[in-house]
Amino acid sequence: MITGGLIVTGPHRGTMWFDARATCDQVLPLNLDGRRAASFADWLGRRSMDLLGW
């Protein structure tokens, strides 16, 4: 199962994050090009695993 979340407050509001604590003990931002964080709209238009940048 993939667990992710939309940040709704604070400096990262509107961005999507991946909860990988079950496998690597990290919470990672989803990103488009290694620099810009993926927004909720970006996430809807793509497969979430494509945005991890692993």
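Quick notes on this structure:
- Breaking point among (1) modelled with pLDDT under 85; (2) assigned to a loop (DSSP other than H, G, I, E, B); (3) among the charged types (D, E, K, R), for D42: (2)
- Pairs are defined by a Cβ separation below 8 Å, a sequence spacing of at least 6 or placement on different chains, a first member in region 4-29 that is at negative phi, and a second member that is surrounded by 13 or more Cβ atoms within 10 Å (Cβ to Cβ) and hydroxyl-bearing (S, T, Y); the pairs so defined are G4/S48; L6/T15; I7/T15; T15/S39; M16/S39; M16/S48; F18/S48; P29/T15.
The values are calculated or read from the model by the stated rules, or taken from the named source; none is laboratory data. Please read these numbers as outputs of a predicted model, since none were measured by experiment. Please note: Cβ atoms are built from the backbone with ideal geometry, for glycine as well, and neighbour counts cover all protein chains shown.
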